[in-house]
1. For segment 358-378, how many residues are assigned to a strand (DSSP E or B), polar (S, T, N, Q) and more than 13 Å from the chain's Cα centre (by Cα)?
2. Which residue out of 312, 281 is farther than 28 Å from residue 86 by Cβ and assigned to a helix (DSSP H, G or I)?
3. Checking the structure you have, find out if any residue of segment 129-151 is closer than 21 Å to residue 391 by Cα and outside the structural domain of residue 267 (by TED's automatic domain parsing).
4. Please determine, by comparing only the residues of segment 1-22 that are surrounded by fewer than 24 Cβ atoms within 10 Å (Cβ to Cβ) and of a type outside the set (A, V, I, L, M, F, W, C), which one is modelled with the highest pLDDT.
5. Which is in contact with an Asp or Glu (Cβ under 8 Å, 6 or more places away or on another chain), in the same structural domain as residue 205 (by TED's automatic domain parsing) and more than 23 Å from residue 96 (Cα to Cα), of 288, 387?
6. Let me spell it out: the conditions are (1) assigned to a loop (DSSP other than H, G, I, E, B); (2) in contact with a Cys (Cβ under 8 Å, 6 or more places away or on another chain), and residue 329 meets all of them except one. Which number is the exception?
7. Which count do you get for residues in segment 309-356 that are within 21 Å of the chain's Cα centre (by Cα) and either under 30 Å from residue 125 (Cβ atoms) or among the β-branched types (Val, Ile, Thr) (or both)?
8. Checking residue 328 against (1) over 20 Å from residue 220 (Cα atoms); (2) at pLDDT 95 or above: exactly one of these is not met. Which one?
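The values are calculated or read from the model by the stated rules, or taken from the named source; none is laboratory data. Note that the structure is predicted; figures quoted are calculated from it, not measured. Cβ placement follows ideal geometry from the backbone for every residue including glycine, while neighbour counts extend to all protein chains displayed.
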Amino acid sequence: MDTPVCDVLIVGGGIVGLATGYQLMRRYPDRRVVVLEKEQVPAQHQSGRNSGVLHSGIYYRPGSLKAVNCREGRLAMIDFCRQHEIPLEVCGKVIVATDETELPHLDELQRRGEENLVSCERIDADRLRELEPACRGIAAIHVKDAGIVDYRRVCFRLCELLQEQGHQVQTTTKVTNVSTSGTEIVAETNTGAWRTSHLINCAGLHSDRIARMCGHQPEVKIVPFRGEYFELTEQAEDLCRNLIYPVPNPDFPFLGVHFTRTIHGSVECGPNAVLAWAREGYSKWQVNFKDLWDAVSYRGFQRLAGRYWNVGLGEMKRSWFRSAFVASLQRLIPEVKEQDLIPAPSGVRAQALRPDGTLVDDFVIQREGNFIHVLNAPSPAATSSLNIGLTIADQLSGDL
């Protein structure tokens, strides 16, 4: 049997991979795009296990890939959802300082937001109570550009659009080896091989492994952090009108439990962040010893753990003791009680970590010949996905 051929092979059927395929389809309509996804349906990991926040771009260093792609990607996502009748609401959020030590960080967020052209304003405690009556803080930033959306539905629609134009999204297909012969790339999978001239690695939690499979040696390693969530009971949902966030720790921008009203009407609380014992370890009891050893034996993780062991212990305490989790939530909404919480599905964040123990804070998109590797795309990757896809399509300009 002849090996099937395509012009661009995308590994990973999450929102970044599908958005990239969609933008390539629009930019190069005469080229064949194939997306390979190892699960039975797309969006089973980070893309389908998030709280659906449409981010504004306020947190990110001006000029960074996160800042640029979030700003442009947010607008593109709004247009896409409206065009395809996918529920989306620009409801706004508040970032709340609960004590005076957080005010300098709030000032810095305000500066970043203004430089990143985010619609945001500093508000006092009285205005905060008007927006979120149950929330308590001494000051806040009202981020008017933030919103909520169903990213799983976005993924399914992107998949449909690709297939309608004759492109392929092949599920239950896991890449097992990649080789090259001149300018040709051969990707072997559990369902057969594919030949292509360009391979784009959007494998999320496994992106560093796919890069190494392709013969490249990225300087970062993916370390999985599980984010554990609760939902408010129906009786307690009125405690949160929209989105309530704490001022983030500048050393750990993805930490800090918050309240998120979802597009379906529920209110999620969380996440904490603990080392996952498997790259797809969505519960405390899921262990993959290869993944676990890969993380704990990595020099970068050892240095991170040695430097911030106290932060890690705090996250673990919140993971094992619901009372500690509730205490963190009560800093924002004092009325929340332990009986108001229902366990909700967890997510796992694919966090790139350098050998020196520093967390990679920006998107990492690297080109190596006819390969493009998306090596770090945590939040706000879903918000940014359509513009990330456009950025990758631009990188292939002149090659297709």
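1. Going through segment 358-378, the residues assigned to a strand (DSSP E or B) turn out to be 359, 364-368, 371-376.
Those left that are additionally polar (S, T, N, Q): 366, 376.
Restricting the remaining residues to those that are more than 13 Å from the chain's Cα centre (by Cα) gives 366.
Residues flagged as assigned to a strand (DSSP E or B), polar (S, T, N, Q) and more than 13 Å from the chain's Cα centre (by Cα) within segment 358-378 amount to 1.
2. Details: 281 fails: assigned to a helix (DSSP H, G or I).
Only one candidate passes the filter, namely 312.
3. Keep residues of segment 129-151 that are closer than 21 Å to residue 391 by Cα, which gives 151.
Imposing the further condition that a residue be outside the structural domain of residue 267 (by TED's automatic domain parsing) reduces the set to 151.
Yes, the conditions are met somewhere in segment 129-151.
4. Applying the first criterion (surrounded by fewer than 24 Cβ atoms within 10 Å (Cβ to Cβ)) to segment 1-22 yields 1-7.
Next, only the ones that are of a type outside the set (A, V, I, L, M, F, W, C) stay: 2-4, 7.
Details: 2: 68, 3: 80, 4: 89, 7: 96.
The extreme case among them is 7.
5. Values: 288 fails: in the same structural domain as residue 205 (by TED's automatic domain parsing).
Result: 387 is the single residue among 288, 387 that is in contact with an Asp or Glu (Cβ under 8 Å, 6 or more places away or on another chain), in the same structural domain as residue 205 (by TED's automatic domain parsing) and more than 23 Å from residue 96 (Cα to Cα).
6. With respect to (1) assigned to a loop (DSSP other than H, G, I, E, B); (2) in contact with a Cys (Cβ under 8 Å, 6 or more places away or on another chain), residue 329 is out only on (1).
7. 3
8. Only one criterion is unmet by residue 328, namely (2).
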